[in-house]
Amino acid sequence: FYFLHGFYTEEDLIGSLACMSTKERIKAIQKMPKTMRKKREIRNKVLTEISKKSRQRGAQPSCYTQCLLGVAVSFRRFGNTLSEYFQLLRVWHKTLKIIGAEFGTSVLSYFVFLKWLLNFNIFSFLINFSFITIPQFLAAEPNNLSFTGLELFTGAGYFQQTVLYYGFYTNATISKIENGPSYNMQLAYIFTVGIYFVICFLILLSSMAKFFSRNFVNPQAISVNASKLLCTWDFNITNEKAVKLKQKNLHTQIKEDLTEVNKEVVNFSVMERVLRIAIHLVAWVASLGIAVAACTGVYFLSINNLELFMKGHRNDLESQTAMLVLPVIVSLLNTMIPFFFSWLGHLEKFQTPGQHIYVTIIRNTILKMSIAGILCYYWLNIVATSESQCWETLVGQDIYRLVLVDFIFCLLGSFFGEFLRRIIGTTVLVSLGLPEFDIGRNVLDLIYAQTLTWIGILFSPLLPGIQMIAFFIIFFVKKVSLMSNCQPPRKVWRTAHMMTSFILLLFCPSFLGVLSVIGVTVWRLKPSEECGPFRGLPSMFAAVAEWIQTLESYTASKWVVWIYHNVIKSELFFFILSTIVLIVTYIYWEIIQGRKTMTKLLHKQITN
């Protein structure tokens with residue numbers, strides 16, 4: 001404060017900083033309203049001043065102390081350098097700011113959700129690669145199949161004998177040193193997948209709670225106040241481009257807040273209401289009918305596809321290439337039908353863009369989750385009971401093809417749905433204008449892709465790595481397509497609850513549905529006799545039961561056996577746990593309702 005107002009010279013400032021402790025000095029420099037370059041200069045001068053003072057005192061430190069001080073300073077500088085480089089590596093940070101400034105929070109919410117899923121898949125890949133794939137490399141046998149390049153699309157051929165699929169993993173206990181530590185692949189496989197889903201469950205719950213608290217409970221998130229206009233500007237910004245970007249961002253936020261305040265309620269006549277209800281009913285009947293027809297077609301196509309594969313040469317690459325028909329048809333349905341749903345939404349003429357987006361999301365959710373449910377039924381009830389030597393690898397190949405083809409169609413959707421639409425709207429039918437970014441369709445594409453990844457983790461442990469690369473490419477393709485082909489939403493609106501809705505849809509029905517599929521696979525289905533880590537067992541979970549039986553003979557492991565019998569296998573425990581969760585949820589919901597009521601009363605008092 002004194003330095004800013006001329007009461008302190010720079011020498012006085014450096015002297016006062018040199019007298020502080022290390023933590024206080026770092027905090028003081030961080031809080032200075034100066035550029036990073038100036039802060040670094042001040043920090044270096046302070047360090048020089050400290051070294052001068054130590055020499056002036058005549059206290060010559062020992063060689064050991066000098067080495068420690070040198071190492072500490074080197075580590076601090078190395079940490080500062082690393083943090084600066086990590087800031088540069090966050091390639092999407094500036095992109096998100098630009099998108100929020102140009103297109104508002106509604107479009108920004110899609111890219112924030114995509115970035116969240118990308119980080120999620122990086123975490124998934126690291127877990128599976130560390131605890132499942134790396135140990136398998138130690139016991140892997142050489143792959144005798146030749147690589148032709150077609151495997152990149154079919155997932156078959158050469159990839160069948162790699163760590164990409166369940167069937168390649170051994171059921172032996174891996175040990176490279178005699179009488180040394182061993183690694184039980186059966187337990188590693190099932191515990192890694194199980195603990196991973198528990199962590200996913202907790203991450204999704206905490207994310208929902210965080211966004212819910214931020215957007216529903218926090219009164220500042222649902223109210224417009226003068227602080228956004230008077231106290232938001234960051235005076236540290238000196239770069240001209242950053243200033244303009246900040247101005248655009250503030251301009252868009254204020255427009256969105258004003259739209260919330262000036263929201264008008266349109267009163268319709270009785271005939272207009274009846275007509276609108278009739279249009280909505282017809283649109284819902286049409287959307288549900290199309291979803292049922294699509295699911296029926298996928299079911300019969302999948303059965304015929306399996307019969308075609310079983311009649312041909314099972315390991316023949318050409319016969320497996322014919323199985324690309326199923327993922328292509330499924331991806332075609334998932335790409336084309338949402339365009340029809342968006343067109344239905346425009347016919348219904350909703351009062352707000354939010355209503356249009358949420359209805360489109362619900363219809364797309366019904367379509368995509370129904371198709372995913374039909375595919376899961378086909379895998380668990382038809383493929384698992386077929387005569388295939390390794391049905392788990394067959395399911396993994398199906399999911400690999402679905403993920404790959406869905407990614408290709410997602411890129412094609414950006415080309416045909418946005419690029420060609422821009423060409424038509426600017427040259428052929430000028431009245432159409434530039435297209436708007438379809439948030440509902442694009443969000444459901446991400447949720448569907450993540451659902452496939454979760455289902456496929458048990459059958460293809462490295463699938464999160466493939467999805468990680470796909471999401472990274474999609475992020476920048478969508479960003480370029482948005483900037484080049486789309487216009488900002490015609491009706492500016494505020495989307496405080498949108499990210500919460502995306503995480504909720506990802507949790508239910510996507511994640512909970514995947515848990516049921518994984519549960520049936522692990523507890524009910526018999527693994528293949530000739531492949532995979534669970535070969536020869538009546539079920540995958542039988543590996544845990546056998547391990548518990550061996551632990552019963554060890555006194556030190558009695559607590560693990562007790563947890564298994566009284567917690568994991570106890571229906572009463574899960575009933576009590578579910579009851580507690582429901583009670584806590586109800587109490588929390590009542591607290592939220594009370595806070596909302598109090599917020600409304602306070603707003604009325606402020607108005608009065």
The number of residues in the range 134-184 that are at pLDDT 85 or above, among the β-branched types (Val, Ile, Thr) and part of a loop (DSSP other than H, G, I, E, B) is 3
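Given the residues 101, 139, 156, which is the only one that is among the small types (Gly, Ala, Ser) and open to solvent by 30 Å² or more (accessible area, probe 1.4 Å)?
The conditions single out 139.
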From 416, 476, which residue is at pLDDT 80 or above, in the same structural domain as residue 193 (by the TED database) and not aliphatic (A, V, I, L, M)? 476
Mind checking which pairs have a first residue in the range 431-447 that is part of a helix (DSSP H, G or I) and a second that is among the basic types (Lys, Arg) and surrounded by fewer than 18 Cβ atoms within 10 Å (Cβ to Cβ), Cβ under 6 Å, 6 or more apart or different chains? none
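Take the conditions in contact (Cβ under 8 Å) with a residue 40 or more places away in the chain and not aromatic (Phe, Trp, Tyr) and apply them to residue 369. Does it pass?
Working: in contact (Cβ under 8 Å) with a residue 40 or more places away in the chain: yes; not aromatic (Phe, Trp, Tyr): yes.
Yes; evaluated as a whole, the condition is true for this residue.
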The conditions are (1) open to solvent by 90 Å² or more (accessible area, probe 1.4 Å); (2) not assigned by the TED database to the domain that holds residue 162, and residue 523 fails exactly one of them. Which is it? (2)
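If a residue has to be assigned to a loop (DSSP other than H, G, I, E, B) and not small (Gly, Ala, Ser) to count, how many in the range 16-39 make the cut? Break it down into steps so the answer makes sense when it comes.
The first filter runs over the range 16-39 and keeps only residues assigned to a loop (DSSP other than H, G, I, E, B), leaving 19-21, 32-35.
Checking which are not small (Gly, Ala, Ser) leaves us with 19-20, 32-35.
The qualifying residues number 6.
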Can you work out which of the residues in the range 369-401 that are β-branched (Val, Ile, Thr) and touching a Cys at 6+ places or on another chain (Cβ under 8 Å) is farthest from residue 505 (Cα to Cα)? 393
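Please count how many residues of the range 104-120 are among the β-branched types (Val, Ile, Thr), in contact with a Leu (Cβ under 9 Å, 6 or more places away or on another chain) and either open to solvent by 10 Å² or more (accessible area, probe 1.4 Å) or not in a helix (DSSP H, G or I) (or both).
Initial filter on the range 104-120 (among the β-branched types (Val, Ile, Thr)): 105, 107, 112.
Then drop every residue that is not in contact with a Leu (Cβ under 9 Å, 6 or more places away or on another chain), which leaves 107, 112.
This time we only want the ones that are either open to solvent by 10 Å² or more (accessible area, probe 1.4 Å) or not in a helix (DSSP H, G or I) (or both), so: 112.
The total comes to 1.
Please go through the range 410-432 and pick out each residue that is small (Gly, Ala, Ser) and exposed (fewer than 13 other Cβ atoms within 10 Å of the Cβ). So that I can check it myself, show each step before the final result.
In the first step, residues of the range 410-432 are kept if they are small (Gly, Ala, Ser); the result is 413-414, 417, 425, 431.
431, the sole residue that qualifies.
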Go through the range 160-194 and give me each residue that's in contact (Cβ under 8 Å) with a residue 12 or more places away in the chain and either β-branched (Val, Ile, Thr) or at positive phi (or both). 162, 163, 170, 173, 174, 190, 192, 193
Would the range 535-544 turn up any residue that is free of Cβ contacts under 8 Å to residues at least 12 places away in the same chain, under 27 Å from residue 202 (Cα atoms), open to solvent by 80 Å² or more (accessible area, probe 1.4 Å) and not assigned by the TED database to the domain that holds residue 447? no
Sort through 585, 599, 607, 579 and tell me the only one that's of a type in the set (S, T, N, Q) and either surrounded by 12 or more Cβ atoms within 10 Å (Cβ to Cβ) or touching a residue at least 60 places away in the same chain (Cβ under 8 Å) (or both). 599
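The values are calculated or read from the model by the stated rules, or taken from the named source; none is laboratory data. In this text the structure is predicted, and so the values were computed from the model without any measurement. All Cβ positions, even for glycine, are placed from backbone atoms using ideal geometry, and neighbour counts span all protein chains on display. Please note that ligands, DNA and RNA were not included when accessible areas were found on the heavy atoms of the full protein model with its side chains. Shrake-Rupley method; radii C 1.70, N 1.55, O 1.52, S 1.80 Å.
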